[in-house]
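Reading through the structure tokens given below for one structure.
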Amino acid sequence: MYQNFTSVKPNVSKRVFLQLLRSYYSLPANSPQNGSKFTHIIDEFGKFCYQKDLPKAINAMKCLENHGLWGSSVAYSELIKCCTYNKAIKEGKIVHNHLISNGHKPKLFLLTMLINMYAKFNLLGDAEKLFDEMPERNVVTWTTMISAYSNAKIRHKALEFLVLMLRDQVAPNMYTFSSVLRACDGLSMLREVHCGIVKYGLESDVFVRSALIDAYAKWGELSDAVTVFEEFVTGDMVVWNSIIGAFAQNSDGNEALSLFKKMKRAGFPAKQATLTSTLRAVSGLTLLELGRQIHVHVLKYDKDLILNNALLDMYCKCGDLDAARLAFSQMVDRDVVSWSTMIAGLAQNGFSKDALALFEKMKVSGPTPNYITMVGVLFACSHAGLLDQGWCYFRSMKKVFGIEPGREHYGCMIDLLSRAGKLDDAVKLLDEMNVKKCEPDIVTWRTLLGACRVHRNSDLAIYAAKQILEVEPDDVGTCVLLSNIYENSQRWEDSMALRKTMREKGMKKEPGCSWIEVDKKIHAFTFRDLSHPRIQDIIVELNELIMKLRGAGYVPDTEFILQDLEREQKEDSLQYHSEKLAIVFGLMSLPKESIIRVKKNLRICGDCHLFAKLVAKLEKRVIVIRDQVRYHHFQNGTCSCGDYW
Ligand code: ZN
Ligand code: ZN
């Protein structure tokens, strides 16, 4: 552009020159014509905009306005970007007012950028007002409004704008649909939008496909997600990421992993987003070996916080705290998520003191703790039975960190109080929750029920069990437990009525199931299921082991008070609880130095807990069991849970 200007001969064409200049800087025709001084002001303004010097640019802009001049559209777009990026609301509004002052009509794309700016400031009213005032709107303008509302989760507005857009006969593009898909609030809506996508011929676009897969996964429709995935030859990472993420989110880790392997075979490199999804899938399954293999791919992305946080979480969830600690110490950057994950991971795995020590360190040299951090801290206190410390953190979290205690924090405190046998204080906290209208969730009621079981408080146990059954009337475990409590308190009629209801409903207890990973394969053991190829060897080995343990003083704990087992099931079945089979299989197949890691679908029973403690001591092994509620690290005859779970 400048070359054109300088090549113009000055004496002949000053007028032409100024015309050109005006068109370039979009000067209005009636602006003063004293060229050099004003081009200087305009140039200065442009310079400050490109340098992203907001105060100077705004000053220069005021100077322009005083002289009735206008800067270039490109300079204004830089300025609006700068305001948006710096969340400069006041300056952004000044730019907006300047652009429409004196009847000036800025270019459409600048107005669209202003709408986007207001949306980013969450000033949706201002965005919509500007939108309404615009003389014309293109697909970008419409899409900006739709994504304005979609991001703010005001779904009906986003969809309303789509309808208006179609009525205005503006054809949506891939960005429009990606935003609309995020705003869908139900499956039928999603299918309608899908039809629209096909109608506008956008079904092969990678971004639309990936957004479609995400949307179907969100509503749990994995078969539709797979159909979208398979419709075209998949030539893009984005789509692979979505489909792997879809299965990982829906807790189908096996399928997520098999897709991950397929993707690698198809020659796609494992990138950050895929690795993050896959690690999440592994965490769900506690497939430690596979997690370690993925770790190898993660190494080259040491600056990717989200990915490294997922790695940390995977090691914590798989119960490999040594690896987790190492990963944490080697992280290049750590944010509040990293710290919170590590604190919660330590706490859940029974290393409460370490969790609290890490929290103290965080207070000194880490980021400001958030809601989740405090859940981890209180969990650590409840796990270790640190009553005074727990109260102290709980009562000070609002004052010190500005965090209002929520449902989870109350849950931890109720757990802590229940464990200490202070059931009255726990009930007081329950009342406090009711006043605050953050009603206890089912986990808290289960916690309380567990405590009543240990501390033999039948009245409170019945109350808690009823609360649980109100939310989950078909929870067989709680039904059985409640009827056992009735029997213990000689309330035969209540017990019989409850059992009758259970019979009528055909309720049966979910069979216990345990998993163990050996040679990169998951071996599942289900109560009374003899399908494992080595089950005969395992049972022989188990019987021998029990004989040995009896010699060391082991007595099967059949009288575990208020256990949610059917009475008649108790004696003969204790011996073949799935976690015992899994532990024995682990003893038989894993080398002496490796940790036996078992995952169980139900809460571990008192007998299996005792069994695991004694086996750990007798066989000099470390056994980690992750049950429905928490982790148990068995070592040298003790468990990290301190016999409370
Ligand atoms: Zn058991
Ligand atoms: Zn334990």
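When the range 580-612 is limited to residues that are basic (Lys, Arg) and under 21 Å from Phe527 (Cβ atoms), the one that is surrounded by the fewest Cβ atoms within 10 Å (Cβ to Cβ) turns out to be Arg603. The set of residues in the range 335-364 that are at pLDDT below 90 and open to solvent by 60 Å² or more (accessible area, probe 1.4 Å) comprises Gln348, Phe351.
Put simply, of Pro473, Pro440 the only residue that is closer than 28 Å to Ser578 by Cα, within 32 Å of the chain's Cα centre (by Cα) and surrounded by fewer than 21 Cβ atoms within 10 Å (Cβ to Cβ) is Pro473.
Listed here are the residues, each with its yes/no results for (1) modelled with pLDDT under 90; (2) in a helix (DSSP H, G or I); (3) in contact with a Ser or Thr (Cβ under 8 Å, 6 or more places away or on another chain).
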position: Phe48; (1), (2), (3): yes, yes, no
position: Glu65; (1), (2), (3): yes, yes, yes
position: Ile80; (1), (2), (3): no, yes, no
position: Gly92; (1), (2), (3): no, yes, yes
position: Leu114; (1), (2), (3): no, yes, no
position: Ala119; (1), (2), (3): yes, yes, yes
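Scan the range 443-460 for residues that are closer than 18 Å to Leu378 by Cβ and open to solvent by 20 Å² or more (accessible area, probe 1.4 Å) and the total you get is 4. Remark: pairs (first residue in the range 580-601, free of Cβ contacts under 8 Å to residues at least 24 places away in the same chain; second residue among the aromatic types (Phe, Trp, Tyr) and surrounded by fewer than 23 Cβ atoms within 10 Å (Cβ to Cβ); Cβ separation under 8 Å; 6+ apart in sequence or on different chains) are absent.
I need a count of the residues in the range 69-81 that are within 13 Å of Leu114 (Cβ to Cβ) and without any contact (Cβ under 8 Å) to a residue 40 or more places away in the chain. Lay out the reasoning, then the answer.
Restricting attention to the range 69-81, the residues satisfying the condition of being within 13 Å of Leu114 (Cβ to Cβ) are 73, 76-77, 79-81.
Next, only the ones that are without any contact (Cβ under 8 Å) to a residue 40 or more places away in the chain stay: 76-77, 79-81.
Qualifying residue count, the range 69-81: 5.
Within the range 628-645, restricting attention to residues that are in contact with a strand residue (DSSP E or B) (Cβ under 9 Å, 6 or more places away or on another chain) and open to solvent by 10 Å² or more (accessible area, probe 1.4 Å), the residue that is farthest from ligand 2 (Cβ to nearest atom) is Gln628.
For the range 601-622, the count of residues that are in contact with a Leu (Cβ under 6 Å, 6 or more places away or on another chain), among the aliphatic types (A, V, I, L, M) and more than 10 Å from ligand 2 (Cβ to nearest atom) is at least one. Of all the listed residues (Ile89, Ile146, Ile80), the sole one being closer than 30 Å to Gly46 by Cβ and surrounded by 21 or more Cβ atoms within 10 Å (Cβ to Cβ) is Ile80. When you look at Gly411, is it farther than 30 Å from Glu289 by Cα, outside the structural domain of Ile595 (by TED's automatic domain parsing) and not in a helix (DSSP H, G or I), yes or no? Here the answer is no, as Gly411 does not meet what is asked. What residue, among those in the range 149-173 that are open to solvent by 60 Å² or more (accessible area, probe 1.4 Å) and of a type in the set (D, E, K, R), is nearest to Tyr118 (Cα to Cα)? Only one residue tops the list, namely Lys153. Filtered by the rule that a residue be within 15 Å of ligand 1 (Cβ to nearest atom) and at pLDDT 90 or above, the range 611-631 gives Phe611, Ala612, Lys613, Leu614, Val615, Ile623, Ile625.
Among the residues of this structure, Thr176 does not count as one that is in a helix (DSSP H, G or I), modelled with pLDDT of 85 or more, open to solvent by 10 Å² or more (accessible area, probe 1.4 Å) and not assigned by TED's automatic domain parsing to the domain that holds Met117.
The values are calculated or read from the model by the stated rules, or taken from the named source; none is laboratory data. From a predicted model like this one, the values you see are computed outputs, not experimental measurements. Cβ sites come from the backbone with ideal geometry, for glycine too, and all protein chains shown count toward neighbours. Side chains are part of the model used for accessible areas, which takes the heavy atoms of the whole protein and leaves out ligands, DNA and RNA. Shrake-Rupley method; radii C 1.70, N 1.55, O 1.52, S 1.80 Å.
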